[in-house]
Amino acid sequence: MYCHAARHWQNSLLMQERSDHSSICDAELLAKLLPGGRRPALDLARSLLARFGGLRRLLHADPQLIVTEKGIGNTGAAALCAIPELARRYFAESLPVGKTIRCPSDTRAFMHAKIQHLGHEVFCCLYLDNRHRVLRFDELFRGTIDGTSVYPREVVKEALAINAAAVILAHNHDLEVKLLFLLVFNSINAH
């Protein structure tokens, strides 16, 4: 019992000392989120990462598989399954309606959070006004596991309906998000 308590205490001290989250490994960061119990959180985190083959696979695993790991329980499995959704909501707030897009990396992070995790292909549009402020984000077309059909007329029709000055088009394929291009609409004067 003393050995277990000492090891748990050491793990707790290690994690308290390292509060800069960007400098710690996946296991240490994951251990901060796991419930305390008989099994030290750091040992549990290392075991989960090894069993599932990394952080991404663990966070997208079936909760019924996660709960079979000794020491995780239903609460821990539910917490792990909530992390990807929290991340998506976090990045969704990074480009709320009315916010100006300042750089391509912001757009890429937003799109990755929105569509990279999907098990099917989608074609999405981020509609902007003339000052590149976000008007709306839409998933216009949904496909299968390996393809989606896109109808350009629908993209333009939707952009005109909300008076968008520009559209950023995005598509996910093979767990990769592609920002296709920025489509800019110039005003048309009809006399």
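By the scheme Lys and Arg +1, Asp and Glu -1, what is the net charge of all other residues having a beta-carbon under 15 Å from that of GLY98?
Net charge around GLY98: +2.
Using a Förster radius of 45 Å, what is the FRET efficiency between THR75 and ASP129 based on their Cβ-Cβ separation? Nearest 0.05, please. List each step's numbers first, then the result.
Numbers: r = 44 Å, r/R0 = 0.98.
My answer for the efficiency is 0.50.
Which ³J(HN,Hα) values, rounded to whole Hz and listed in residue order, are derived for segment 38-54 from phi using the Karplus coefficients 6.51, -1.76 and 1.60 in 6.51 cos²θ - 1.76 cosθ + 1.60 with θ = phi - 60°, glycine and proline given as x?
So the J values, rounded to whole Hz, are 5, 8, x, 4, 5, 5, 4, 4, 4, 5, 5, 5, 5, 5, 9, x, x.
Show me the ranking of peptides 39-45, 66-72, 53-59 by mean Cβ neighbours inside 10 Å, starting with the highest.
So the order, starting with the most tightly packed, is 39-45, 66-72, 53-59.
Give me the distance in nm between label points sitting 7 Å out from Cα along the Cα-to-Cβ direction at ARG89 and LEU140, one decimal.
My value for the distance between the label points is 2.9 nm.
Using the Cα centre of segment 48-155 as origin and beta-carbon charges of +1 (Lys, Arg) and -1 (Asp, Glu), tell me which of PHE137, ILE101, GLY71 is placed farthest towards the positive end of the dipole.
Positive-most Cα among the choices belongs to ILE101.
Just to check I understand the Karplus step: with θ = phi - 60° and J = 6.51 cos²θ - 1.76 cosθ + 1.60, what whole-Hz values come out for segment 150-165, glycine and proline as x?
10, 10, x, 4, 5, 4, 5, 4, 5, 4, 5, 5, 9, 6, 6, 8
Rounded if a/c is under 1.5, else prolate if a/b is larger than b/c, else oblate: which is segment 98-184, with a ≥ b ≥ c the root eigenvalues of its Cα gyration tensor?
Numbers: a/c = 2.40, a/b = 1.33, b/c = 1.80.
Oblate, because a/c is 1.5 or more while a/b does not exceed b/c.
We did not get these values from a lab; they are worked out from the coordinates using the rules stated. Predicted model only: the values in this text are computed from it and were never measured. Counting neighbours? That spans all protein chains shown, and the Cβs are built from the backbone with ideal geometry, glycine included.
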